[in-house]
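**Student:** Here's a structure for you.
Readers should treat all values here as calculations from the given coordinates under stated rules, not as data from a laboratory. Fair warning: this is a prediction, and the values are worked out from it, not measured in the lab. FYI the Cβ positions are ideal-geometry reconstructions off the backbone, even for glycines, and counts take in every protein chain you see.
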Amino acid sequence: MIRTDFDDLIRQQSRNLYGIAFRILRNQEEAEDAVQEVFIKLWKQGSKIDEYNNIDAVAVTMLKNFCIDQIRKKKHFIREDQEKQYLQNIDNSSPYELMEKRESENILYHIINQLPDLYKDAIRLRELDGLSYEEIAEKTKQNINTLRVIISRARKLIRDEFNKYQYERRGIKQTDRKVL
């Protein structure tokens, strides 16, 4: 592809690609950057670009993939911020509160490990790894609606089991008080 053809491609597709990027990223500057990155990647392909039947479709696919990567990077930074905030909250907690938090986390991990594999895998991907339903569906090759049902049932099982532990914990405290 020669420079003039590439310039024509940019003129024809930039507005369309920007619209797609903006719908995905919800940010004007990030959408503009995404479109620019895609055009740079296309230009770097040089003569390989002529091998494609539909350059517009290639550009859209590249753009969507780039936008998804940007969203994943944001999720990573958000998770890091949440972890920092969690650690700050831990620092402000009393030793008893810290012990209760750790115990509750251990109980939850134990409950999750006891789930059937289908539920366990889905809940780990969703709640622990923070993947979206679409990402989980892509990874597990399952229908999104089926995944929603599986995760909902897994959450219910976890909630029910955790409540049993909570009731047992409260029951032990009440018996200790009666003995004293």
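**Student:** Is the shape of the range 103-176 best called rounded, prolate or oblate, per the rule: a/c under 1.5 gives rounded, else a/b larger than b/c gives prolate, else oblate, with a ≥ b ≥ c the square roots of the Cα gyration tensor eigenvalues?
**Tutor:** Prolate, because a/c is 1.5 or more and a/b exceeds b/c.
**Student:** Further question: Pick out, in residue order, every one of the trypsin sites (Lys or Arg not before Pro) in the range 2-68 that is DSSP loop and has at most 13 other C-beta atoms within 10 Å; say none if there are none.
**Tutor:** Qualifying residues, ordered by number: 26.
**Student:** If you stretched the chain out fully between residue 48 and residue 26, how much longer would it get, using 0.36 nm times the residue separation minus the C-alpha to C-alpha distance?
**Tutor:** Extra length available between residue 48 and residue 26 comes to 4.8 nm.
**Student:** Work out the FRET efficiency for residue 113 and residue 65 from their Cβ-Cβ distance, taking R0 = 35 Å, and round it to the nearest 0.05.
**Tutor:** After rounding, the FRET efficiency stands at 0.55.
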